[in-house]
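Input: a single structure, listed below in structure tokens.
Read the figures in this text as sums done on the coordinates, not as results from a lab. All values reported here derive from a predicted model rather than from experimental measurement. Positions of Cβ are backbone-derived with ideal geometry, glycine not excepted, and every protein chain shown enters the neighbour counts.
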Amino acid sequence: MAILGHLLEKRGFNFSGYRLSMLERRIGKRLTATHSKDQQSYLLHLQNNPEELDMLLDAITINVSNFFRDPLTFELLADRILPAIVENKVRLNDNTIRVWSAGCAMGEEPYSVAIIIHELLQKERIRISPQIFATDIDGKALKEAEKAAYKASSLENVKHRHLTRYFSQSGKAFQLLPEITGMVTFEQYDMLATRHRVPPVSIFGNFDLILCRNLLIYLNTDCQKTVFTKLHHALARNGILILGQAEAPGLNHQQCFSRIVDFSPIYRKCQEKTANEA
Ligand SMILES: C[S@@+](CC[C@H](N)C(=O)[O-])C[C@H]1O[C@@H](n2cnc3c(N)ncnc32)[C@H](O)[C@@H]1O
């Protein structure tokens, strides 16, 4: 698709591995919005109006998210997964927890994890420094994430005690407190990029926990493979991977991750090498 070629040339993002039906639907919205009669005339519009590139990127990268999206998964994270990780850290005398939110949209997901970790460490009076890295391909979404001001609609799953403890309200916006925003480091990073296997800002992977939710659904099978290989490499030994409800490792990676909860897409890294690493 020539439109994707233009996006690659101008912005360096390669969307050719995204599901065609999704691309056609999303690009179709831009055709309608710009009154272009077909893809060729939209391409012309794109070439003559550089600002349309941002609109197109926005349409393709779907940033829909909210705090504690999929509440059951977050409850499991708070009650079982993170306490077990912390207990293990204490036992090993290791004072860091490394988390990666891959495809973090406007920060709702990494900040939800930060709130849980903050609360857990305070409650247990444990001195561990969490290192939470959050990445997305969409620079505009990351700028919003850094502002950390949200509408009420993003906060529907937030518990009342978290709302009063970690947010301040000004008008219609809910501002997350620096105690939480300071725990998360954002970086623009393409999950399909081959240059860096982990986000450069994290220096090395070795993540105890990775959330990669509702991103893989947009990719074709080959690109999903690339991402699962990356996630496997980036996880620490026995690290935990959380996917979206409609996502699961493909055939090539079923030996690499074992599902540890029946009713939530939570996986533990197995030590088998991935097809690409073998
Ligand atoms: C639907 S949102 C999911 C947000 C959050 N993880 C959740 O589940 O609520 C998908 C995010 O993935 C990002 N994304 C899409 N392709 C990506 C890629 N190749 N590398 C990094 N992020 C990508 C989009 O920009 C978008 O913010």
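Some notes on this structure:
- Along the chain, counting only chymotrypsin sites (Phe, Trp or Tyr not before Pro) with a DSSP assignment other than H, G, I, E or B and at most 14 other Cβ atoms inside a 10 Å radius, the longest segment between sites is 1-203.
- Exposed-loop-free span, longest in the chain, where trypsin sites (Lys or Arg not before Pro) count as exposed if DSSP calls them loop and at most 11 other C-beta atoms lie within 10 Å: 38-124
- Cut-off under 5 Å, modelled amide H: who pairs with SER264 long-range: none
- ³J(HN,Hα), Karplus 6.51/-1.76/1.60, whole Hz, each residue of segment 226-241, x for Gly, Pro: 4, 5, 5, 4, 5, 5, 4, 5, 6, 7, 6, 4, 6, x, 9, 10
- For segment 11-118, the set of GluC sites (Glu not before Pro) satisfying both a DSSP loop assignment and a count of at most 12 other C-beta atoms within 10 Å is given as GLU51.
- Measuring against 24 Å, Cα to Cα, the residue pairs LYS143/LYS225; LYS89/LYS123; LYS123/LYS151; LYS140/LYS172; LYS159/LYS225 contain LYS143/LYS225; LYS123/LYS151; LYS159/LYS225 as the ones spanning a longer distance.
- Once the chain from ARG11 to SER170 is taken as fully extended at 0.36 nm per residue, the excess over their C-alpha distance is 53.7 nm.
- Counting only DSSP H runs of at least 4 residues, each contributing -39500 (n - 2.57), and dividing by the residue count of the chain, the helix-based mean residue ellipticity at 222 nm comes to -12000 deg cm²/dmol.
- Nearest-ten-degree value, helix 39-48 long axis tilted from longest Cα axis of the chain: 80
- Projected label distance in nm at GLU179 and LEU92, using a 7 Å step from Cα toward the beta-carbon: 2.8
- Placed amide H near GLY103: partners under 5 Å, 5+ positions off or other chain: THR135, ASP136
- For segment 10-18, 3J(HN,Hα) computed residue by residue from phi via the Karplus equation (6.51, -1.76, 1.60; θ = phi - 60°) reads 7, 10, x, 9, 9, 9, 5, x, 8 Hz, glycine and proline entered as x.
- Each label was represented as a point 7 Å from its Cα along the Cα-to-Cβ direction; for ASN220 and ALA193 these points are 2.3 nm apart.
- Residue-by-residue Karplus 3J(HN,Hα) for segment 49-61, coefficients 6.51, -1.76, 1.60, Hz, glycine and proline x: 10, x, 5, 5, 4, 5, 5, 5, 4, 4, 5, 7, 8
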